[in-house]
Amino acid sequence: MPVKVETYDRTEDAARALSASRSARFLSGGTLVMRAVNEADQSFETIIRLRDASFRDIRIEGENLVLGAGVTMAAIVAHRDLAFLAPVARVIGGPAIRNMATVGGNLFAASPYGDFTAALLALGATLNLAGQSGRGMPIDEFLRDRDRNAGVLVQSISVARPRDASAFRFAKVSRVKPKGVSVMSIAAFLPQSGGRITGARVAYGAMAPTPIRATAVERILEGQTLDAATIERAAAAATEGFDPPTDSLASSWYRREVAGVHLKRLLTAERR
Ligand SMILES: Cc1cc2nc3c(=O)[nH]c(=O)nc-3n(C[C@H](O)[C@H](O)[C@H](O)COP(=O)(O)OP(=O)(O)OC[C@H]3O[C@@H](n4cnc5c(N)ncnc54)[C@H](O)[C@@H]3O)c2cc1C
């Protein structure tokens, strides 16, 4: 089946075309869409492209960081104000993938992909959707029912820059280093006030169909100091409420077995 390509100059026109057809896909970096084309995926007939340069902008707006949805992983690694996110972008694929793969595309990537999205979830990002001015959509809300959002065009992603960059931690667990796909990724945002954690957010990639928050872990960490006893309790609750997937990288059983170990390493900032 031939695939039709439609190219737009204005974001709102691309958004309208995308929402009008269930058989359309938006082409961002194309690392997944073009793979699907090459594999003769029959689930879409139209590719929507956008030629708006602002789609790739990175802006600092006061306390907030605004990433155009078309910003690539390589652009994040290269940006001096995004040093806290560089370790996340740096472990996504190899150099060729990072040059193409975008932040927006990562939001829609099926598990076990979605490492960057797990980080955005821990940071409590907000998605700005094309053609919908006003309130942005919290990333938690977007991911809760991601399939229903297949026809929306994400324009940009806003995230508050951590006051203390060390409050944000990220680890990717993979069998092949440095560029293997995730057995799991873990992102934690643990701001402290008076030595106690306030507003803990912990998210996993590859532990559910979309990146997901580890709410049991968050409850244990909230209001605590990051001491050995708290870390033990958090590690013991690492998979509470989770039914991790089995895929070619790891079984559900394996993901369950190792999640606590990796969470503990992240919380103790142990280097591997
Ligand atoms: C070899 C290889 C290794 C990889 N390694 C990793 C990895 O380590 N970690 C990881 O997380 N991922 C990995 N990926 C997956 C993928 O490259 C990334 O998830 C990437 O961020 C997807 O972005 P993209 O711009 O290429 O998406 P595209 O292929 O352009 O699009 C993917 C999907 O998202 C939709 N989409 C894209 N942008 C938008 C938007 N702005 N609004 C609405 N819908 C949109 C598209 O319609 C499509 O359905 C890998 C892929 C390959 C091929």
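The values are calculated or read from the model by the stated rules, or taken from the named source; none is laboratory data. Predicted model, so just to flag it, every value in this text is computed and none were measured. Neighbour counts are summed over all protein chains in view; Cβ atoms, including those assigned to glycine, are modelled from backbone coordinates with ideal geometry. Accessible surface areas use protein heavy atoms only, side chains included; no ligands, DNA or RNA. Shrake-Rupley method; radii C 1.70, N 1.55, O 1.52, S 1.80 Å.
The slack in the chain from Ser193 to Lys4, taken as 0.36 nm per residue of separation less the alpha-carbon distance, amounts to 62.6 nm. Each Cα pair of segment 220-272 feeds into the Kirkwood radius, which the Stokes-Einstein equation turns, at 37 °C and 0.692 mPa s, into a diffusion coefficient of 276 µm²/s.
log₁₀ I(q)/I(0) of segment 117-183 at q = 0.14, 0.22, 0.23 Å⁻¹, via Debye over equal Cα point scatterers, no solvent, to two decimals? The computed values of log10 I(q)/I(0) come out as -0.56, -0.98, -1.01. For segment 182-250, a simple Cβ point-charge model (Lys and Arg +1, Asp and Glu -1, everything else neutral) yields a dipole of about 220 debye relative to the Cα centre.
Subtracting the Cα-Cα distance of Thr268 and Ala165 from 0.36 nm times their residue separation leaves 35.5 nm of extension gain.
Rounded to the nearest Hz, the phi-derived 3J(HN,Hα) couplings of segment 25-31 under the Karplus curve 6.51 cos²θ - 1.76 cosθ + 1.60 (θ = phi - 60°) are 10, 7, 9, 9, x, x, 5, where x marks glycine and proline. Rg/Rh for segment 184-232 (Cα atoms only, Rh after Kirkwood) is 1.01.
Principal-axis analysis of the Cα atoms of the chain puts helix 11-20 at an angle of about 90° to the longest axis. Whole-Hz Karplus values for segment 245-261 come out as x, 9, 9, 5, 8, 6, 7, 4, 4, 5, 4, 4, 4, 9, 4, x, 4 Hz, taken residue by residue from phi with 6.51 cos²θ - 1.76 cosθ + 1.60 and θ = phi - 60°; glycine and proline positions read x.
Relative to its residue count, segment 1-145 spans a Cα convex hull of 124 Å³ per residue. For segment 17-91, the Cβ-based charge dipole about the Cα centre amounts to some 140 debye (Lys, Arg positive; Asp, Glu negative; other atoms uncharged). Taking 4 °C and 1.567 mPa s as conditions, segment 180-272 diffuses translationally at an estimated 97 µm²/s according to Stokes-Einstein applied to its Kirkwood radius (Cα pairs). Overall, the ratio between the Cα radius of gyration of segment 1-50 and 2.2 N^0.38 Å, rounded to two decimals, is 1.07. Projected onto its three principal axes, the C-alpha set of segment 62-175 covers 35, 32, 22 Å, listed from the longest axis down. Here the average projected area of the convex hull drawn through the C-alpha atoms of segment 43-93 stands at 5.1 nm².
Ranking Phe84, Gly94, Ala17 by how far each Cα lies toward the positive end of the dipole of segment 1-111 (charges on Cβ) leaves Gly94 at the top. With 10 Å bins beginning at zero, the pair-distance distribution over Cα atoms of segment 131-240 amounts to 12, 36, 35, 15, 2 %. Dipole orientation for segment 118-272: of the candidates Ala130, Ala238, Pro178, Pro178 has the Cα lying most toward the positive pole (charges on Cβ; Lys, Arg +1; Asp, Glu -1). Starting from one equal scatterer on each C-alpha and no solvent at all, send me the Debye-based log10 I(q)/I(0) for the chain at q = 0.14, 0.15 Å⁻¹, two decimals. Log-scaled intensity ratios, in q order: -0.99, -1.12. The residues of the chain expose, per residue, 49 Å² of accessible area to a 1.4 Å probe.
Note on segment 125-261: with charges restricted to the Cβ of Lys and Arg (+1) and Asp and Glu (-1), its dipole about the Cα centre is near 380 debye.
For segment 65-130, the fraction of alpha-carbon pairs lying more than 13 Å apart is 61 percent, rounded to a whole number.
The calculated pair-distance distribution of segment 19-72 uses every alpha carbon pair, bins of 5 angstrom beginning at 0, and gives 5, 17, 22, 18, 15, 11, 7, 4, 1, 0 percent.
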